[in-house]
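Participant: Please read through the structure below; I'll follow up with questions.
No value in this document is a laboratory result; all are computed from the given coordinates. Keep in mind it's a predicted model, so treat the numbers as computed, not measured. Cβ atoms come from the backbone with ideal geometry, glycine included; neighbour counts cover every protein chain shown.
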Amino acid sequence: MPANRELGQFANHITVDDTTRQITIGSTSISVVIPSLSVGVGTVSAVSFLNDLTDVVITGVANSQYLRYNGTNWVNFTPDLTLNGLDDVVITGVANSQYLRYNGTNWVNFTPDLTLNGLSDVVITSVSNGQLIQYNGTNWVNITSPYLTSTGSIDSHTDVDTSGIYTPSIGQVLKWNGTAWSSANDLGGGGGVTDGDKGDITVSSSGAVFSIDSGAVTESKISAGAVTESKISSGAVTYAKIQNVSATSRLLGRHSASAGSVEEISIGSGLSLSSGTLSASGGGGGSSLQSRTTVSSSTGSIANNATANITFTGFKSYLLMKIQTSAAAWVRIYTDSASRTADASRLETTDPLPGSGVIAEVITTGGLAASTQLLSPGTLGFNNDSTPSTTIYAAVTNKSGSTSNTTITLTLLQLES
């Protein structure tokens, strides 16, 4: 083989000297220490070892190593062939019987809780012998059952009642009374209940008839709310079974505000109650005369120039004589609520129209001082509701100059029963 060879089409630029192992590019020589490498029709020197390559760096080589690219070069490394060597596995403090569990970022080792309390919907605290697990609506929790302990009783059950009138006696059994299991006589298998007085109940007709003894059912033996309307037959409660009235000359009704229990109402002046008939005193021929009276109502606290709608309990028809105010005010008296509403926008300097439902109006002065306006002659007033009542409707505007709770007093004479 010739000492100097030119490389095909690059003959004018590159020559190879097999003796000196040099490659000449133009006028520049490059020394190499590698075996021959064929290039085209000639040969150039090549590497003999991995580490001779320009992008390979091998240091401290050992058995079973591999080459891995580090971003710059291929370098030798010993791979970690354990679980912890994986990028998404983190193992610390490993122990027997552990498992791998994904925590959202890595697989980590953990020791599973294989007890009841290890379950996500079980919460056990201060456990003790004999306890049960009960669902509380959110979790299963440990409880001490009132039903399955040596200190429990059958009455501990929420649907069992052995108290009060159901206090058990020898030989009784539990029976369903419609609300709870309660103690009662055993009527089966033993020939029934024998006749006789059993305490609050007397049995007759060979055990077929049970009669409650007179006075046996007392208030203490009836649970609150136990006697409902559906449990009482129509007409079953007679007058004799109703609470005694405290004294004579009393009516039954309700004088307290709002709905509620029946109350006693005393007979006032001008009325009499005789032989079950309520009459006006001196009545019978219609010749008795009524006495004038007063009725009052208050606005509540309202600001100066503010208006409050109020009512009085008076008469169906009446003669209005005076209007008294506890503070300066503009007072309007009406036949009904609709007339009061229709008149609400009228100014005090404007007279009401005839037939507008305005019975009377007065304007008092004097700030917070009381004032009485005499109506002369007296004004006839009446209630104009669809069903005439004793309600007198009024509107009151505060004219005292400051916030006030103004009381209005009317002096009246009743004209209609």
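Participant: How big, on average over all directions, is the shadow cast by the Cα convex hull of the stretch 48-95, in nm²? All intermediate terms of the calculation are to be shown ahead of the outcome.
Facilitator: Numbers: hull surface 19.5 nm².
Averaging across all directions leaves 4.9 nm² for the Cα convex hull.
Participant: Same structure, new question: Compute the normalised compactness of the stretch 208-347: alpha-carbon radius of gyration over 2.2 N^0.38 Å, N being the residue count. Before the final figure, lay out each step's value.
Facilitator: Working: Rg = 24.1 Å, N = 140, 2.2 N^0.38 = 14.4 Å.
Ratio of Rg to 2.2 N^0.38 Å for the stretch 208-347: 1.67.
Participant: Give a quick list of GluC sites (Glu not before Pro) in the stretch 312-417 that DSSP marks as loop, anything other than H, G, I, E or B, with at most 16 other Cβ atoms within 10 Å.
Facilitator: Working: sites: Glu348, Glu361, Glu416; in loops: Glu348, Glu416.
Qualifying residues, ordered by number: Glu348, Glu416.
Participant: Excluding same-chain residues fewer than 8 positions from Lys198, which lysines have a Cα within less than 17 Å of its Cα?
Facilitator: Lys221
Participant: Which of Tyr393, Tyr69, Tyr334 has the fewest other C-beta atoms within 10 Å, and how do the rest follow up to the most? Walk me through the numbers before you get to the answer.
Facilitator: Values: Tyr393 23, Tyr69 10, Tyr334 27.
In increasing order of surrounding Cβ atoms, one gets Tyr69, Tyr393, Tyr334.
Participant: Please give the length that would be gained between Ser145 and Thr349 if that part of the chain were fully extended, namely 0.36 nm times their separation in residues minus their C-alpha to C-alpha distance (nm, one decimal).
Facilitator: Numbers: separation 204, 0.36 × 204 = 73.44 nm, distance 7.98 nm.
Stretched fully, the Ser145-Thr349 segment lengthens by 65.5 nm.
Participant: With bins 5 Å wide starting at 0, give me the P(r) of the stretch 83-123 over every alpha carbon pair, in whole percents.
Facilitator: Bins of 5 Å from zero give 6, 22, 23, 20, 16, 9, 4, 1 percent of pairs.
Participant: Over the stretch 293-414, what is the mean sequence separation of C-alpha contacts under 8 Å (at least six apart), divided by residue count, expressed as relative contact order in percent? Numbers along the way, then the final one.
Facilitator: Numbers: 316 pairs, mean separation 62.5, N = 122.
Reported as a whole number, the value is 51 percent.
Participant: Rounded to two decimals, what ratio of Rg to Rh does the stretch 293-414 give with C-alpha atoms and a Kirkwood Rh? Walk me through the numbers on the way to the answer.
Facilitator: Working: Rg = 13.3 Å, Rh = 14.2 Å.
Using Cα coordinates only, the ratio equals 0.93.
Participant: Another one. Mind checking which lysines have their C-alpha under 20 Å from Lys322, skipping anything on the same chain fewer than 8 residues away?
Facilitator: By straight Cα distance, Lys322 reaches Lys399.
Participant: Still on this structure, I have one more. Straight-line reach from Lys316: which lysines have Cα under 17 Å away, leaving out those fewer than 8 places along the same chain?
Facilitator: Output for Lys316: empty list, no partners.
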